[in-house]
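Notes follow the structure.
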Amino acid sequence: GQQLNQSPQSMFIQEGEDVSMNCTSSSIFNTWLWYKQDPGEGPVLLIALYKAGELTSNGRLTAQFGITRKDSFLNISASIPSDVGIYFCAGHSGGSNYKLTFGKGTLLTVNP
Amino acid sequence: DAGVTQSPTHLIKTRGQHVTLRCSPISGHKSVSWYQQVLGQGPQFIFQYYEKEERGRGNFPDRFSARQFPNYSSELNVNALLLGDSALYLCASSLAGTGISYEQYFGPGTRLTVT
């Protein structure tokens, strides 16, 4: 099935560093969502974006809805060890199509 | 408040068998979606149900079926299991029809292993 292009695939950083990851699509989306998944658990919703150009924060996390509506970005500032996990972007095209389309994820490792 | 719950947590089945997975949504949520997540990939959409009716179906064979009950809980059924059906099956709930319903909240998943 279709998946979004998410990069980087993995990141290994030092505690305290900032992190940036992005997600691109060949199709337009009306909604972008960012999730974090820990091993053996389901994805947890971090941020939802509904408008092109929108910039939304949740604590140390900031996400942006790209103006072309084909991309989105997630930044994590001052990373801490509990930020470790897999981060997924997901897009929704709106209308009668109810599914979320996910990226393959970015694996983040934080070295204390 | 209780989140999305799924049962069982883990399941081991043999090829050709049938399996039923269960999901209870967040209280007040009327829509349930099912996703399959294989190792190293993002979740892939299987079904969405709202008010007991199917609203969306992903690119999965007819061996996969689902239903939603009057209390909004849901079952995912898979017949004639194949080795390739081994995956984490995720249930997600959302409020309702449009707009904010695109925010889907996931359960912990059921890990299905087919041998």
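The values are calculated or read from the model by the stated rules, or taken from the named source; none is laboratory data. Quick caveat, the model's predicted, so the values are computed rather than measured. Quick reminder, even Gly has a Cβ in these numbers, built from the backbone with ideal geometry, and neighbours come from all protein chains shown.
Being closer than 21 Å to B:Gly3 by Cα and at the interface with another protein chain (Cβ under 10 Å from one of its Cβ atoms) is a property that B:Tyr72 lacks.
I need the full set of residues from the range A:87-112 which are surrounded by fewer than 20 Cβ atoms within 10 Å (Cβ to Cβ) and either at pLDDT 95 or above or outside any strand (DSSP E or B) (or both), in order please.
Our first condition is that a residue be surrounded by fewer than 20 Cβ atoms within 10 Å (Cβ to Cβ); within the range A:87-112, this holds for A:93-97, A:104, A:107, A:109, A:111-112.
Residues satisfying the conditions are A:Ser93, A:Gly94, A:Gly95, A:Ser96, A:Asn97, A:Lys104, A:Leu107, A:Thr109, A:Pro112.
Being aliphatic (A, V, I, L, M) and surrounded by 16 or more Cβ atoms within 10 Å (Cβ to Cβ) is the filter here, so list the residues in the range A:51-83 that pass it.
First, pick out the residues of the range A:51-83 that are aliphatic (A, V, I, L, M): A:52, A:55, A:61, A:63, A:67, A:74, A:76, A:78, A:80.
Passing the criteria: A:Ala52, A:Leu61, A:Ala63, A:Leu74, A:Ile76.
Listed by first and then second residue, the pairs with beta-carbon distance under 6 Å, at least 6 apart or on different chains, first residue in the range B:27-49 and at negative phi, second assigned to a strand (DSSP E or B) and among the basic types (Lys, Arg), are B:Phe47/B:Arg57; B:Gln48/B:Arg55. Check the range A:20-34 and report whether any residue there is more than 14 Å from chain B (Cβ to nearest Cβ), farther than 18 Å from B:Gly42 by Cα and not basic (Lys, Arg). Checked against the condition, which is being more than 14 Å from chain B (Cβ to nearest Cβ), farther than 18 Å from B:Gly42 by Cα and not basic (Lys, Arg), the range A:20-34 yields at least one hit. Name the single residue that is surrounded by the fewest Cβ atoms within 10 Å (Cβ to Cβ) among those in the range A:31-50 being touching a strand residue (DSSP E or B) at 6+ places or on another chain (Cβ under 6 Å) and assigned to a loop (DSSP other than H, G, I, E, B). Of everything passing the filter in the range A:31-50, A:Asp38 is surrounded by the fewest Cβ atoms within 10 Å (Cβ to Cβ). The set of residues from the range A:67-86 being over 24 Å from A:Gly40 (Cα atoms), assigned to a loop (DSSP other than H, G, I, E, B) and among the small types (Gly, Ala, Ser) comprises A:Ser77, A:Ala78.
Summed over the range B:70-85, residues that are surrounded by fewer than 13 Cβ atoms within 10 Å (Cβ to Cβ), farther than 19 Å from B:Leu39 by Cβ and not small (Gly, Ala, Ser) total 2.
Output yes when any residue across the range A:56-77 is in contact with a strand residue (DSSP E or B) (Cβ under 6 Å, 6 or more places away or on another chain), at the interface with another protein chain (Cβ under 10 Å from one of its Cβ atoms) and closer than 22 Å to B:Ser94 by Cα, and no when none is. No; the residues of the range A:56-77 include none that is in contact with a strand residue (DSSP E or B) (Cβ under 6 Å, 6 or more places away or on another chain), at the interface with another protein chain (Cβ under 10 Å from one of its Cβ atoms) and closer than 22 Å to B:Ser94 by Cα.
Across the range B:4-18, the number of residues qualifying as part of a loop (DSSP other than H, G, I, E, B) and within 10 Å of chain A (Cβ to nearest Cβ) comes to 2.
Of all residues in the range B:50-75, those satisfying the criterion of being in contact (Cβ under 8 Å) with a residue 40 or more places away in the chain and under 12 Å from the mean Cα position of the chain (by Cα) are B:Ser73, B:Ser74, B:Glu75. What number of residues within the range B:26-63 are away from every other protein chain (no Cβ under 13 Å) and at pLDDT 95 or above? Here the count works out to 2.
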